[in-house]
Amino acid sequence: MGRDITIQASDGHRFAAYRADPAGKPKGGIVVVQEIFGVNKHIRELSDGFAADSYAAIAPSLYDRSSRKGIQLGYTPDDIAIGRKLREEFTWEQAMLDMAATVAALAGDGLKVATVGYCWGGSVSYLAGCRLPVQGAVVYYGGQIMPFVRESERCPLLMHFGDRDASIPLSDVEAIGKAHPKAVVHVYAADHGFSCDHRKQYDAAAAKLARERTMAFFAKQLGA
């Protein structure tokens, strides 16, 4: 269903992206933001899933700013260590340049655009909702929101967290909710990464409910 494309950011940086389009007219556009593992099989499957639900989806390869352009990692401890190291090789501001270009690519097709991000990408999606012209932003267990928690959102926010996620204290989740009282924040009886069926932390019930809520959110915010 999907294909690899190239997008250029405003600073001239060219990066890869995976684009999945529906068979018919799109209901809207969704930017799918990767975990620390790159635009891997899981992120491509998520993008295909959104396309199957009639949305045009683009997953930008944000790690093309790192020394491992085009990297696609798995979920072993070694993969986690590599992904964390690569994340430090570029800035949040550079990631936002690539996000802005991806949003523009979908908006240029005449679509309303929202974002959804997972793990590291959840924090990127949150920042996009605060800094970019999008109609909505969905956050799955974004663990690096706190340094930016006082930024003001420009669109509605939907957030999913797990109560067994050792990397995101519930006190942080509470602080995020207080800083953004209009955001809809859900906490599941689940671990970090509960929506990823390639990880041992996958929780089918929590993933299903979170996706149902996410799709209802997109239908409302994108007018479909």
message: Take the residues in the range 183-192 that are surrounded by 15 or more Cβ atoms within 10 Å (Cβ to Cβ) and assigned to a loop (DSSP other than H, G, I, E, B); name whichever of them is nearest to the chain's Cα centre (by Cα).
response: His192
query: If you take the residues of the range 30-41 that are surrounded by fewer than 24 Cβ atoms within 10 Å (Cβ to Cβ) and not aliphatic (A, V, I, L, M), which of them is nearest to Pro60 (Cα to Cα)?
result: Asn40
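Can you tell me which residue in the range 193-224 is surrounded by the fewest Cβ atoms within 10 Å (Cβ to Cβ), limited to those that are polar (S, T, N, Q) and part of a loop (DSSP other than H, G, I, E, B)?
Gln201
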- prompt: Any idea which of (1) assigned to a loop (DSSP other than H, G, I, E, B); (2) touching a residue at least 60 places away in the same chain (Cβ under 8 Å); (3) within 23 Å of Ile82 (Cα to Cα) is the one Ser125 doesn't satisfy?
  reply: (1)
query: Can you name the residue in the range 1-29 that is closer than 10 Å to Ala51 by Cα and of a type in the set (D, E, K, R) and, of all such residues, is surrounded by the most Cβ atoms within 10 Å (Cβ to Cβ)?
result: Arg19
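When the residues of the range 76-93 are filtered to those that are among the hydrophobic types (A, V, I, L, M, F, W, C) and not in a loop (DSSP other than H, G, I, E, B), which remaining residue is farthest from Asp109 (Cα to Cα)? Walk me through how you get there before you give the answer.
Within the range 76-93, the subset among the hydrophobic types (A, V, I, L, M, F, W, C) is 80-82, 86, 90, 92.
Okay, now just the ones that are also not in a loop (DSSP other than H, G, I, E, B), so 80-82, 86, 92.
Working: Ile80: 36, Ala81: 38, Ile82: 35, Leu86: 32, Trp92: 26 Å.
Across the range 76-93, the extreme among qualifying residues is Ala81.
Would you confirm, using the coordinates I've provided, whether Asp98 is surrounded by 15 or more Cβ atoms within 10 Å (Cβ to Cβ) and more than 23 Å from Leu132 (Cβ to Cβ)? If you could, list the steps in order and put the result at the bottom.
Numbers: surrounded by 15 or more Cβ atoms within 10 Å (Cβ to Cβ): yes; more than 23 Å from Leu132 (Cβ to Cβ): no.
Spelling it out, it is not the case that Asp98 is surrounded by 15 or more Cβ atoms within 10 Å (Cβ to Cβ) and more than 23 Å from Leu132 (Cβ to Cβ).
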statement: Flagged pairs (Cβ under 9 angstrom, 6 or more apart or on separate chains; first in the range 95-118, over 14 Å from Gly142 (Cβ atoms); second modelled with pLDDT under 95 and of a type outside the set (Lys, Arg)) are Lys112/Gly223; Lys112/Ala224
query: Is there a residue in the range 166-182 that is surrounded by 16 or more Cβ atoms within 10 Å (Cβ to Cβ), closer than 29 Å to Pro26 by Cβ, of a type outside the set (Asp, Glu) and over 18 Å from the mean Cα position of the chain (by Cα)?
result: yes
message: Can you report the number of residues in the range 62-75 which are crowded, with 24+ Cβ neighbours inside 10 Å and either hydrophobic (A, V, I, L, M, F, W, C) or not in a helix (DSSP H, G or I) (or both)?
response: 1
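Output yes when any residue across the range 18-37 is outside any loop (DSSP other than H, G, I, E, B), touching an Asp or Glu at 6+ places or on another chain (Cβ under 9 Å), closer than 28 Å to Gly177 by Cα and of a type in the set (Gly, Ala, Ser), and no when none is.
yes
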- request: Restricting attention to the range 45-61, report how many residues are in a helix (DSSP H, G or I) and either in contact with a helix residue (DSSP H, G or I) (Cβ under 7 Å, 6 or more places away or on another chain) or of a type in the set (A, V, I, L, M) (or both).
  value: 3
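Being at positive phi and of a type outside the set (Lys, Arg) is the requirement here; does Gly193 meet it? If you could, list the steps in order and put the result at the bottom.
Details: at positive phi: yes; of a type outside the set (Lys, Arg): yes.
Spelling it out, Gly193 is indeed at positive phi and of a type outside the set (Lys, Arg).
The values are calculated or read from the model by the stated rules, or taken from the named source; none is laboratory data. If you're wondering where the values come from, they're calculated on a predicted model, not measured in any experiment. Every residue, glycine as well, gets a Cβ built from its backbone with ideal geometry; the counts of neighbours run over all protein chains shown.
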